[in-house]
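Contents: one structure, followed by commentary.
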Amino acid sequence: MGEVKRKRGRKPKNSKADSLDFPPPTTATATSVAMVMDDVFSVSNVELMDPASTSKPHQNRRGRPKKLSKHLENPDKFPQLSPSRRGPRGVENGEFTASGDVFPSDIALERVQPEWPGIVRVVPAMDAVVKVFCVHTEPNFSLPWQRKRQYSSSSSGFVIGGRRVLTNAHSVEHHTQVKLKKRGSDTKYLATVLAIGTECDIAMLTVDDDEFWVGVSPVEFGELPALQDAVTVVGYPIGGDTISVTSGVVSRIEILSYVHGSTELLGLQIDAAINSGNSGGPAFNDKGNCVGIAFQSLKHEDAENIGYVIPTPVILHFIRDYEKNGAYTGFPILGLEWQKMENPDLCEAMGMKKDQKGVRIRRIDPTGPESKVLKPSDIILGFDGVDIANDGTVPFRHGERIGFSYLVSQKYTGDSATIKVLRNSETLSFNYQLATYRRLIPAHNEGKPPSYYIIAGFVFSTVSVPYLRSEYGKDYEYEAPVKLLDKLLHSMPQSPDEQLVVVSQVLVADINIGYEDIVNTQVLAFNGKPVKNLKSLANMVESCDDEFLKFDLEYQQIVVLRTSTAKAATLDILATHCIPSAMSNDLKT
């Protein structure tokens, strides 16, 4: 930032900040932002100025002279500060302002700003924030034998210990190249992705070039902040190329829905502005410690300045999981659905005593470890010694409660847990190993290309959330067929390898006349045998010696093709549509 000079004339009554780095605080946060302005200013893209350069000590001014304070009448008693401690207190319209008397000299600036608390701690952490450049090449789920056109994005990240960098998972999803640039540098360094946590939306990177790590100190993590604690989000959002700082307070702490991972984990809601490009940037507390990672914001006509931050418990869980297993294994989740027990008649009918509280199990995932010890209609009274309330919450710090899934997410895959249940008016305790939850329709393909199989122009594929988004757009929850949405929201896999196989489309040819309108319809059986997954379907079709191929589809539809004709026509159809193979590589092994 260049030299800032004091302007003449009256100051406007209603000042507005012109800088994008310092937006005007809202009514709810005006007081708290003013309290932390010293620390916010210290982590901004502003260099400390020598107050002597702003104005001369005894500059003549028009009008009646101001009355000097007692400190100026007795300059010997005025506390002198070293030049390194001098500086402005606040920023307003690009000018340095001070409350109280207006002083015509640099002595006045010393009067209103005796010291800069926290500057030594915050500024080095500021240099640990990097800009992430990524080139993405997404799979084409509608045409699974090819990929979409590549595109570029930029986001933020920060350096942690062990020559590693953290950013958001969606910032490097489907990456083909990732580069990092330090603050104040003109060099971009090639980075390697070590781990991607889709559920928690965190990715870990590293750089092999030793030059990148010269002069960079890793950030230090702080404790989970409390409500109304000040936070400062640092990153590289849209609106400029240099680093940007926004400030606010913690307005809510609860279990949040992570949009990218389609999971629910602990999160912080803040009122600081989080825009595109802020993703992956750190959120600092007033001590200069990192308390979270910016990752999403709420865009709604009735909401303003609502941003979300991944808190340190989730971040440290991701880091320790990688260090413990050498890879990201995920967050364990209870594979069951439960019901609140807030109705007193329901509690009495289930045999609960007046001093007992808990939630009722509705359904259990048959593929999860919970199915071996729990049963439907069991009442979960506690998890790992913590009692669960009738609304499914547990105590969380003083005066706060949080969903009991937080207790599960604090553990790691393979850890043991103790669950206390009420079954037939009898209290039981079970020990079992926690595992990650697998959905029938997965939320992600974990970086793998989509699977497909083609026979006689029929394109068979598996359903996932990216597949639905590719077929029906971002509003797939309203546009997709009701049958698929019902399975997305409510179905549980009956076996570990079960997939939802559909006829994605029919590539028109003479052999499939009359079947052209079949689209995104589930395949239930082939020649009388149920279809469990796409690989089993491909194996059954390829090894079929029957005269006809018969596919049983949803809505009581059937498709019948002559076996010899269908297999012979497949090669011509592949050549017509420039498809390299009749099946994806994962089905060939």
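Tabulated data
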{"read-out": "Residue list for the range 132-181, restricted to those being part of a loop (DSSP other than H, G, I, E, B) and among the hydroxyl-bearing types (Ser, Thr, Tyr)", "value": "Thr137, Ser142"}
{"read-out": "Verdict on Gln499 being surrounded by 15 or more Cβ atoms within 10 Å (Cβ to Cβ), out of contact with any Asp or Glu (no Cβ under 9 Å at 6 or more places or on another chain) and not aromatic (Phe, Trp, Tyr)", "value": "yes"}
{"read-out": "Residue identified as out of contact with any strand residue (DSSP E or B) (no Cβ under 9 Å at 6 or more places or on another chain), in contact (Cβ under 8 Å) with a residue 12 or more places away in the chain, surrounded by fewer than 19 Cβ atoms within 10 Å (Cβ to Cβ) and among the charged types (D, E, K, R) among Asp552, Asp546", "value": "Asp546"}
{"read-out": "The range 342-385 - residue that is in a loop (DSSP other than H, G, I, E, B) and touching a Gly at 6+ places or on another chain (Cβ under 6 Å) and, of those, modelled with the highest pLDDT", "value": "Asp365"}
{"read-out": "Counted residues, the range 274-287 - those being open to solvent by 30 Å² or more (accessible area, probe 1.4 Å) and either within 10 Å of the chain's Cα centre (by Cα) or under 19 Å from Ser156 (Cβ atoms) (or both)", "value": "3"}
{"read-out": "Residue match in the range 172-182 (condition: surrounded by fewer than 22 Cβ atoms within 10 Å (Cβ to Cβ), more than 18 Å from Tyr308 (Cβ to Cβ), more than 22 Å from the chain's Cα centre (by Cα) and polar (S, T, N, Q))", "value": "no"}
{"read-out": "Subset of the range 288-338 [open to solvent by less than 50 Å² (accessible area, probe 1.4 Å) and without any contact (Cβ under 8 Å) to a residue 12 or more places away in the chain]", "value": "Ala303"}
{"read-out": "Residue that is least open to solvent (accessible area, probe 1.4 Å), among those in the range 183-193 that are assigned to a strand (DSSP E or B) and closer than 18 Å to Ser279 by Cβ", "value": "Ala191"}
{"read-out": "The listed residue being of a type in the set (A, V, I, L, M), within 30 Å of Glu400 (Cα to Cα) and either open to solvent by less than 60 Å² (accessible area, probe 1.4 Å) or at pLDDT 95 or above (or both), out of Val207, Val233", "value": "Val233"}
{"read-out": "Tabulated pairs, the range 567-588, first under 20 Å from Phe548 (Cβ atoms), second part of a helix (DSSP H, G or I), C-beta under 6 angstrom, 6+ apart or interchain", "value": "Ala569/Ile511; Ala582/Thr570"}
{"read-out": "Test set (1) open to solvent by 10 Å² or more (accessible area, probe 1.4 Å); (2) at pLDDT 95 or above; (3) of a type in the set (Val, Ile, Thr) - Ile388 fails condition number", "value": "(1)"}
{"read-out": "Residues of the range 319-374 classified as more than 25 Å from Pro496 (Cα to Cα) and not basic (Lys, Arg), total", "value": "19"}
{"read-out": "The listed residue being among the charged types (D, E, K, R) and crowded, with 19+ Cβ neighbours inside 10 Å, out of Lys535, Lys588, Lys529", "value": "Lys535"}
{"read-out": "Strands (runs of 3 or more DSSP E) within the range 425-518 that include 1 or more residues among the hydrophobic types (A, V, I, L, M, F, W, C) and within 30 Å of Gly351 (Cβ to Cβ)", "value": "426-433"}
{"read-out": "Residue list for the range 239-295, filter: more than 26 Å from Lys181 (Cα to Cα), of a type in the set (A, V, I, L, M) and assigned to a loop (DSSP other than H, G, I, E, B)", "value": "Val259"}
{"read-out": "Unmet criterion (only one of (1) of a type outside the set (Asp, Glu); (2) within 26 Å of Gly288 (Cα to Cα); (3) touching a Ser or Thr at 6+ places or on another chain (Cβ under 9 Å); (4) touching a residue at least 60 places away in the same chain (Cβ under 8 Å)) for Ile160", "value": "(3)"}
{"read-out": "Whichever residue in the range 193-248 is closer than 30 Å to Pro442 by Cα and of a type in the set (Asp, Glu) and, among such residues, is farthest from the chain's Cα centre (by Cα)", "value": "Glu199"}
{"read-out": "Residue under evaluation Tyr406, criteria (1) open to solvent by less than 40 Å² (accessible area, probe 1.4 Å); (2) part of a loop (DSSP other than H, G, I, E, B), criterion not met", "value": "(2)"}
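Results for (1) farther than 28 Å from Leu374 by Cα; (2) crowded, with 17+ Cβ neighbours inside 10 Å, shown as yes or no for each residue.
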site	(1), (2)
Asp415	no, no
Thr427	no, no
Thr436	no, no
Ala456	yes, yes
Ser464	yes, yes
Leu468	yes, yes
Val482	yes, no
Lys487	no, yes
His490	no, no
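The values are calculated or read from the model by the stated rules, or taken from the named source; none is laboratory data. Remember, it's a predicted structure, so these values are computed and weren't measured experimentally. Don't worry about glycine lacking a Cβ; one is built from the backbone with ideal geometry, like all the others, and counts go over all protein chains shown. Surface areas here come from the heavy atoms of the whole protein model, side chains and all, with no ligands, DNA or RNA. Shrake-Rupley method; radii C 1.70, N 1.55, O 1.52, S 1.80 Å.
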